[in-house]
Amino acid sequence: ESTKRSDSKDSKFAVRPENAAVAETVLKLEAAEDSVGLTKKVALDIKQLWEDPGIQNTHERRAEFNIPENTAYFMSKIEEISDPEYLASTDDALRISSKTSGLVTTHFEYNGTGFTLIDVGGQESERRKWAAAFKSATSVLFIAAISSYDQYYFDKKNKLV
């Protein structure tokens, strides 16, 4: 089981025995079809796991496991987020990210000039869709997070981005 301590060199990534039951409970929540959402109890369980040295050791090597860089931010706010009255702040909204699938088009105007921004996504499986987006392009802007320089390529293991 993933939550049991082993004698291997990877044991520094295992949760402590006293957190094993909490880890099992949280893992089962994801699979539950009748999930009740992020309750205060679930938030406290997640907070307890987040503080576990095995989880922290794993997070320190997050680039190898494709753990998003915003994880620590949201884990530090887990109790606040579990409040039924919680409203995301501007900081929260800026730290949210989602994987682009397909072409996502946004039209906007700046100083009276119209622009069309097409997010083509970076996954290899999405690249075949890019050609259509470039047919009438007058400019191409490549954007990459500076914090992602050491992350592993998502589509293929053991390949750096």
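The values are calculated or read from the model by the stated rules, or taken from the named source; none is laboratory data. Note that this is a predicted model, so its numbers are computed, not measured. So basically every Cβ, Gly included, is an ideal-geometry build from the backbone, and we count neighbours across all protein chains shown. Surface accessibility is based on the protein's heavy atoms, side chains included, excluding ligands, DNA and RNA. Shrake-Rupley method; radii C 1.70, N 1.55, O 1.52, S 1.80 Å.
With respect to being touching a strand residue (DSSP E or B) at 6+ places or on another chain (Cβ under 6 Å) and open to solvent by 50 Å² or more (accessible area, probe 1.4 Å), T90 falls outside the description. The residue that is modelled with the highest pLDDT, among those in region 105-120 that are of a type outside the set (A, V, I, L, M, F, W, C) and in contact with a strand residue (DSSP E or B) (Cβ under 6 Å, 6 or more places away or on another chain), is H107. Close Cβ contacts (under 8 Å, 6 or more residues apart or on different chains) running from residues in region 102-128 that are farther than 14 Å from V140 by Cβ and among the hydrophobic types (A, V, I, L, M, F, W, C) to residues that are open to solvent by 70 Å² or more (accessible area, probe 1.4 Å) and at pLDDT 90 or above comprise F108/F115.
I'm trying to understand the selection: among the residues of region 37-73, which are among the charged types (D, E, K, R) and outside any loop (DSSP other than H, G, I, E, B)?
First, the residues of region 37-73 that are among the charged types (D, E, K, R): 40-41, 45, 47, 51-52, 60-62, 64, 69.
Result: K40, K41, D45, K47, E60, R62, E64.
Residues in region 50-61 that are open to solvent by 40 Å² or more (accessible area, probe 1.4 Å) and either under 9 Å from F13 (Cα atoms) or in contact (Cβ under 8 Å) with a residue 60 or more places away in the chain (or both): P53, I55, Q56, N57. Out of everything in region 106-127 that is touching an Asp or Glu at 6+ places or on another chain (Cβ under 8 Å) and open to solvent by 70 Å² or more (accessible area, probe 1.4 Å), what residue ends up being nearest to A43 (Cα to Cα)? Only one residue tops the list, namely E124.
Conditions (1) modelled with pLDDT under 90; (2) more than 21 Å from F65 (Cβ to Cβ); (3) aromatic (F, W, Y); (4) not in a loop (DSSP other than H, G, I, E, B), marked per residue:
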residue: Y86; (1), (2), (3), (4): no, yes, yes, no
residue: L94; (1), (2), (3), (4): yes, yes, no, yes
residue: G122; (1), (2), (3), (4): yes, no, no, no
residue: R128; (1), (2), (3), (4): yes, yes, no, yes
residue: S136; (1), (2), (3), (4): yes, yes, no, no
residue: V140; (1), (2), (3), (4): yes, yes, no, no
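Residues in region 62-87 that are open to solvent by 90 Å² or more (accessible area, probe 1.4 Å), closer than 19 Å to G37 by Cα and either of a type in the set (D, E) or within 13 Å of the chain's Cα centre (by Cα) (or both): E80, E85.
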